1. Please compute the per residue accessible area over chain A with all protein chains in place, 1.4 Å probe, rounded to a whole number of Å².
2. For the pair B:Arg37 and A:Asp370, what calculated FRET efficiency results from E = 1/(1 + (r/R0)^6), where r is the Cβ-Cβ distance and R0 = 56 Å, to the nearest 0.05?
3. Let me check against my output: what whole-number percent is the relative contact order of the stretch A:331-389, with C-alpha pairs under 8 Å and at least 6 apart?
4. What does the extension gain come out to for A:Ala92 and A:Lys304, with contour length at 0.36 nm per residue minus their alpha carbon separation?
5. On the protein heavy atoms, probe 1.4 angstrom, tell me the percent of accessible surface of the protein assembly as shown carried by carbon and sulfur.
6. How big is the charge dipole of the protein assembly as shown about its Cα centre, in debye rounded to the nearest 20, if each Lys and Arg gets +1 on its Cβ and each Asp and Glu gets -1 on its Cβ?
7. Which order, highest average first, do B:91-97, B:251-257 follow once you tally other Cβ atoms within 10 Å for each residue and take the mean per peptide?
8. Given contacts defined as C-alpha pairs under 8 Å and at least six residues apart, what's the relative contact order of chain B, whole-number percent?
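The values are calculated or read from the model by the stated rules, or taken from the named source; none is laboratory data. Just so it is clear, the model here is predicted, and its values are computed rather than measured. Here the Cβ is made from the backbone with ideal geometry for all residues, glycine too, and neighbour counts use every protein chain on show. For accessibility, only protein heavy atoms count, side chains too; no ligands or nucleic acids. Shrake-Rupley method; radii C 1.70, N 1.55, O 1.52, S 1.80 Å.
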Protein chains: 2
Amino acid sequence: MPVKAHSRDYKVVSTDDHVVEPPDVWQSRLPSHLAERGPKIVSTEDADVWEIAGSRHPISGLAAMAGRSFEEYTPKALHFADMRPGCYDPAARLEDMDLDGVDAEVMFGTIAGLAGGTFIELAEKEEELALECVRAYNDWLATEWCATDPERLIAQAILPLWDSGLAAEEVERAVEIGHRGVLVPAIPQAFGLPPLADPVYAPVLDACQAAGVPVALHIGGSIARKQAAELIGGLTPGAGVPAETIVALTPLGNFGVFANVIFSGIPVRHPGLKIVSVESGIGWVPYFLERMDWTYTRHRFWTKSALTEPPSTYFRRQMYATFLVDDSGIEAIERIGAENVMWESDYPHTDTTWPKSQELIEEHLGGLPDAIRHAVLAGNAVRVYGLGS
Amino acid sequence: MPVKAHSRDYKVVSTDDHVVEPPDVWQSRLPSHLAERGPKIVSTEDADVWEIAGSRHPISGLAAMAGRSFEEYTPKALHFADMRPGCYDPAARLEDMDLDGVDAEVMFGTIAGLAGGTFIELAEKEEELALECVRAYNDWLATEWCATDPERLIAQAILPLWDSGLAAEEVERAVEIGHRGVLVPAIPQAFGLPPLADPVYAPVLDACQAAGVPVALHIGGSIARKQAAELIGGLTPGAGVPAETIVALTPLGNFGVFANVIFSGIPVRHPGLKIVSVESGIGWVPYFLERMDWTYTRHRFWTKSALTEPPSTYFRRQMYATFLVDDSGIEAIERIGAENVMWESDYPHTDTTWPKSQELIEEHLGGLPDAIRHAVLAGNAVRVYGLGS
């Protein structure tokens, strides 16, 4: 169902939030010969656990902590009944957004992965099932969940990235049914695929550019599968690496991802493609731009650079980064580019600003000039995701 | 030879520079039964190449580019005759420092590795040789090279880190002969050793704390051996990862290293230990401190944090970061802590400010209040390295 034109006055748009997929997403949509091995919920005494193709996938409780105190945070898997309904029920989500003064949210998945990685992994063994799971998720998200209020719940599609022809087709199909963004793992190598800079993905990136939808690279895609399992599974990280280190580092993974996106020449080959660094924070970006330009100035001769302009030019032209609370980045926003920064709430994860978004916005963005504050809170997102059109 | 007390008026101290070890460092010092397998120069038509225990170790030309234009930068190995004499000759170095208005330089190695890694690697197969190589380097650096003018050429020791008892003894011996700092690989795991947070290193860190000498973690230690070989060897990095990406990313490796140093509790267990993040830049530090404190505030309950204070408290108490040109960091210096920042020149590497240090200092630090500028250019280094005492 295509989203209709409207003229909503967006004041606060959150560019990174998560659906916790309810139990029937796949069972109600998969072809009957695939349903048995498709994602389904198995309820145990401890938790409601996803089972996919015979394997159990417990979801970390840390993915559904909205409304809890920091002291209550736990990686233990939960029952749906122990989560805030806004996690999985779109009507309840809209009520939670009202409570928090948020006009719209841009959606990422949970069991599907932050960029559909669950099905990319599944495709190694059961490709037909994986492809149908991707399509079912995209259908459900756009035509059911976000269709509850498509002006406020913004859908983003996952892709069958293991086949770039199929993935490019899915971009077109997804946009047709109402998706306004596309999710790609920041480091596809973690799933055994070629790196983002590989020309094999050109049709996918061209399809996104042609449709005008951004490619979102959510943090965590730079973590290899085993590490991600440790983090999301709440397992003890390796000796000498406390969990706090992993939590503190994860956003910065996008520094390397974006440096390589630029130096590998993606923005030269796809000059109209919008690329979003999601949940990465922004305080590191002024250093990032300065360091990349310094590297280009000094090293482009012997490295035979793929670029024709300093790296910061490409960033400001077509890249964006999202943040929750980031005083160092806000203080240096002119160095980043006020048009390249977007606010996010990250409902219902541990870092979420919910239900204190208004208070935190006032505290941390209150000193910005009105025009910049509006751009960061809504204007840039309206432009990047094509809201209201 | 202990450094004598003096009262030099330091105005500009560079906290990161490199000796290119001359050919006779090891051959003139190793016990005769080890000399044959110890480091020696083999001259070919293309370059002077180190041979150690039967293996060739060409040094990237990028390690000796002082005086060349950016267009001339090359990773091809060189002859000594094609390097500026200041690379390997201490009298010539002092002249180059005079040309550039630099009062003192803090030294790191080249063939020895940025933190002695060459011999840590060698110790896996030839431990006696490796230990004697470490001692020979430390003897040469303090009693010959830096002894040319120990007020201006500041020695730092490498360690036999594979044996923490021997390493702690070497700290004491090194300080005795004039060393003012100690080098440790930022990620010992890259050399098959336990991570820095492992209690096995407690005697080493205690010895540094007791002697009042800082532990320097130079960037590049966070690169695994194979990657470092690719970079330093000038080999083509893997498909989809241009060399510029590696160059641009390398400093930031210390973000993760320092996050883990803090969260693993090293500053809790060694509250008087000084730790220096070398050549990492400083523009990322405001974000780093904010992100670590945010992580501690939200996650310390479920992670059972080893800390009792917010991470930024430990950073400001006992950690330092060095930079060459870093406008975003200088602009935010109050967020970092003006006492935690030190300037560097990185002679004779590709990023060096030589011979334009005065010009670059005026351009990039000219707006700082005098007291802060003095602290960054000299005062902090005098305190950290105990210069003039």
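1. 36
2. Using R0 = 56 Å, I get an efficiency of 0.20.
3. It comes to 39 percent, rounded to a whole number.
4. 70.9 nm
5. Answer for the protein assembly as shown: carbon and sulfur cover 53 percent of the accessible area.
6. My answer is approximately 180 debye.
7. The peptides rank, most packed first, as B:251-257, B:91-97.
8. 20
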